[in-house]
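Scroll down for the structure; my scribbles are underneath it.
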């Protein structure tokens with residue numbers, strides 16, 4: 001039963017990930033006095049891309065064709081480590097935070113590599129910017145993870161979620177709010193949202209993620225887009241499940257699971273609303289201002305760790 | 001076992017003199033003498049694996065004419081056997097590679113000299129890690145330095161090579177001076193030249209002596225290992241040597257310095273002080289971060305790889321620093337785990353750095369330049385080299401499922417084990433160091449995306465790159481062997497951890513140590529922080545990628561007729 | 001136009017400029033007419049911190065000291081014989097005092 005539920009979680013990640021993108025688009029549209037897309041539009045876009053043919057440059061090698069599969073697989077494998085509405089995840093017995101970060105790093109390695117494959121300028125540009133920013137995001141993310149792991153006494157994601165769900169609310173919020181701030185900033189960097197990168201831009205010189213996938217079309221592009229949405233969804237679900245884990249089902253009774261799932265959905269869409277709100281109210285930062293933002297994230301994580309050490313558990 | 005070891009030494013000597021006497025004019029003949037080194041490396045591999053599995057101790061004593069310092073004694077305890085294993089597997093691959101690679105030097109230089117120096121270089125490294133007497137250790141250390149100096153200045157017509165040789169020569173002798181000072185202090189205290197008379201068997205050292213010996217050993221071995229700020233010779237010397245020699249220098253020669261440091265820290269000096277661990281951690285963090293930051297700015301393939309060696313030595317020292325710290329606070333199980341992480345990374349680094357240097361050598365031999373700005377598009381011309389180089393790049397960036405990830409995971413966990421014990425300072429420092437390790441590894445990934453992308457992908461940037469072609473069979477075999485090693489070291493992680501547990505058991509003396517770290521196929525840490533199953537990770541990665549490829553391939557396939565009509569490439 | 005390796009590492013070079021202290025130099029040649037450039041040369045380098053801060057001053061110090069010590073090597077054999085004589089006298093005095 002555990003196994004079926006763990007697999008069901010991964011399937012749900014696949015299904016729900018585009019809907020979070022839709023929600024953010026809808027919020028932004030409504031704030032600009034437009035109607036915005038319906039929820040079916042995001043799925044229809046993916047479906048359309050899957051059915052279209054691909055045009056591949058002569059300069060490209062097998063890496064160009066292999067990359068979307070590796071990227072999508074890495075997103076799926078990272079998804080198998082995160083518990084959504086049930087207390088255990090599929091690969092949780094053999095992996096922890098570090099494996100989660102490195103699965104995403106595997107996908108990013110091949111993404112940036114394939115951007116250089118066609119020999120275009122924009123691929124190189126997107127690739128170098130993406131690697132520079134994500135290298136700076138990594139210590140902030142890892143340190144906030146470690147601050148949480150220090151509190152929970154374990155590195156496994158399931159273990160951290162379980163530990164926090166058993167503690168009373170106030171002590172958690174007090175010690176870990178800094179880590180939350182740090183991880184929220186990293187979420188903006190990793191999902192390419194407005195303070196860092198504009199997902200709806202048409203100007204190549206302002207692109208980071210879009211510039212890397214400029215050459216892709218058809219099925220490959222669908223996989224890449226979907227993988228990006230899954231990554232964004234995973235970061236949001238980590239934020240939600242670690243920092244407000246109450247309501248997570250630990251038994252396999254239908255009622256508990258249903259309640260947990262609905263609660264989880266509301267938390268995810270609530271957090272996505274916050275992301276959308278930040279996107280509406282801020283402007284995109286200059287590229288060389290983003291390291292300052294990431295330095296703030298790192299300092300938040302250090303303060304979280306320091307606070308726990310000085311005040312005690 | 002004993003026979004294999006002696007046979008190995010004799011084969012190296014035989015191979016060296018054979019290379020010298022086989023005429024360099026005979027076309028291609030001299031290249032085959034490298035196979036003697038390959039055979040010797042095979043013997044070394046077999047004997048060291050047998051020692052590790054059976055947990056035995058070999059010992060040979062040769063009476064020498066110089067009775068002042070004692071007889072020439074060579075011994076293989078598990079730690080020495082491990083280092084002989086690392087030397088042997090890399091020498092095997094590099095020797096096979098050298099058969100094809102030395103043909104490039106056929107017309108221009110004296111290939112017999114190259115073979116002679118090469119054989120004696122490997123021989124000296126094997127003797128350094130098995131010597132048990134101060135005098136002979138220093139002789140073999142010096143032999144190693146001199147043969148590698150001549151190999152660095154092998155292309156002496158280039159002024160850059162001469163300058164690099166000079167810097168290397170001076171720095172390595174400064175290191176040797178400090179090592180000699182440390183050894184002399186030990187001799188004066190214990191009165192004997194034999195390694196076994198130090199450490200637990202001798203009377204305890206007093207405070208000032210212990211610190212002085214430690215500092216001398218750290219500076220001396222640190223110069224050879226390439227710790228920042230003693231690293232300046234590494235980026236000069238490693239690029240100038242022939243590529244298979246660079247692979248050996250970067251993969252094993254700097255590890256003999258780690259061997260020496262481990263002998264001092266855990267064998268000769270008794271119980272360490274906690275501040276030693278802190279000092280080593282500081283230098284390790286500095287080496288890790290600055291090594292990769294300087295590597296990012298380089299455009300010469302081999303110079304860049306040399307800077308990465310500095311960074312990986314930093315990672316090894318992070319493990320060693322934590323081991324020293326745990327040993328000082330009397331926690332042998334934790335210290336054992338940290339040391340296992342360091343030793344595992346030593347082995348993995350030899351595998352993937354050797355692979356990358358051999359790949360760089362293959363590229364340079366065909367494209368006649370090591371400058372990335374003049375390469376490009378080589379993946380179409382040299383597909384096998386590209387795949388091997390990609391495996392090396394993925395391994396060094398510590399990405400799952402390859403071996404770099406396993407040893408970096410072990411290093412992360414051994415750093416974070418500081419959570420459970422230690423003063424508040426350590427509890428704050430180690431997560432920050434772990435975050436910096438993650439930062440460094442992300443930068444390594446950046447660097448290797450750049451290296452692989454600019455060198456192999458895109459279009460050629462110069463005529464040489466356009467004209468290049470795939471390398472010959474022996475070079476492909478050498479690279480392929482190391483690529484296979486990267487995968488095998490990841491898959492057999494439980495076995496390797498178990499064997500390394502036995503090695504650390506010999507150093508720390510606890511009972512039933514390896515069982516704490518490996519449970520069936522899971523790697524577990526003693527502080528119960530986490531667990532990892534590298535085989536599962538490998539299986540999951542492979543299965544997922546295959547499933548995704550098959551699924552999207554079959555489900556969303558356009559009909560063949562449509563594709564042909566549109567004339568598009570899919 | 002493909003991306004170059006120098007261009008690829010530009011963002012990091014700028015972010016960590018406090019460490020690298022990059023220096024660049026652009027030289028442009030023209031035939032007197034500013035609008036028609038015949039050649040252009042670009043050089044960019046990263047400051048090698050450890051060589052400049054520790055090793056170059058140390059090696060300069062050693063070389064200057066050895067230049068000064070070279071003064072005792074005049075080439076006159078009479079001076080060398082007097083060195084031997086003075087050393088012998090000092091050694092005898094030292095032995096007498098330590099008795």
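Throughout, read-outs are computed from the coordinates displayed, never taken from laboratory work. The structure presented is a predicted model; accordingly, all values stated were derived computationally and were not measured. As a convention, Cβ positions derive from the backbone with ideal geometry for all residues, glycine included, and neighbour counts pool all protein chains shown.
For this structure, a couple of remarks:
- P(r), alpha carbons of region B:385-533 - 10 Å bins starting at zero, rounded %: 10, 28, 31, 18, 9, 4, 0
- Shielding by partners, peptide A:149-155 (average Cβ within 10 angstrom, other chains): 5
- Calculated FRET efficiency, residue A:206 to residue B:484, Cβ-Cβ distance, R0 = 45 Å: about 0.50 to the nearest 0.05.
- 0 to 90° range, to nearest 10: angle between helix A:157-166 axis and chain A longest Cα axis: 40 degrees
- Pair residue B:464, residue A:65: separation of 7 Å Cα→Cβ label points (nm): 3.2 nm
- Inter-centroid distance (Cα atoms) of region C:10-34 relative to region B:270-348, Å: 35 Å
- Burial ordering of C:68, B:255, fewest other beta-carbon atoms within 10 Å first: C:68, B:255
- Of the residues A:277, B:384, the one with the fewest other Cβ atoms within 10 Å heads the list, and the complete ranking is A:277, B:384.
- Annotation: the residues B:551, B:77, sorted from fewest to most other C-beta atoms within 10 Å of their own C-beta, follow the order B:551, B:77.
- Spatial extent of region A:146-237: Rg and Dmax, with the Cα atoms as the point set, Å: 17.4, 50
- Multiplying each eigenvalue of the alpha-carbon gyration tensor of region A:2-311 by 5 and taking the square root yields semi-axes of 31, 23, 20 Å, largest first, rounded to whole angstroms.
- Value of [θ]222 nm, deg cm²/dmol, for the protein assembly as shown, DSSP H segments ≥ 4, -39500 (n - 2.57) each, nearest 500: -23000 deg cm²/dmol
- Gain upon complete extension [residue C:41, residue C:62; 0.36 nm per residue less C-alpha separation]: 3.9 nm
- Calculated FRET efficiency, residue C:89 to residue B:10, Cβ-Cβ distance, R0 = 56 Å: about 0.45 to the nearest 0.05.
- Averaged over the residues of A:64-77, the number of partner chain Cβ atoms lying within 10 Å of the residue Cβ comes to 4.
- Once the Cα atoms are used to define both axes, helix A:2-31 deviates from the longest principal axis of chain A by about 70 degrees.
- Chain C: proportion of alpha-carbon pairs further apart than 24 angstrom, %: 65 percent
- Neighbouring Cβ atoms from other chains, within 10 Å of the Cβ of residues in A:108-118, number 6 on average.
- Separation of alpha-carbon centers, region C:36-70 and region B:1-24, rounded to whole Å: 44 Å
- Cα centroid of region B:100-169 to Cα centroid of region B:52-97, whole Å: 19 Å
- Dimensionless Rg/Rh of chain B - Kirkwood Rh, Rg from C-alpha atoms: 0.98
- Over the protein assembly as shown, the Kirkwood radius and the radius of gyration, each from Cα atoms, give a ratio Rg/Rh of 1.00.
- Sites residue B:106 and residue C:4 - FRET efficiency at Förster radius 25 Å, r taken between beta-carbons, to 0.05: 0.15
- Nearest-ten-degree value, helix A:121-152 long axis tilted from longest Cα axis of chain A: 10 degrees
- Cα-projected label distance for residue B:207 with residue A:48, points at 7 Å along beta-carbon direction, nm: 7.8 nm
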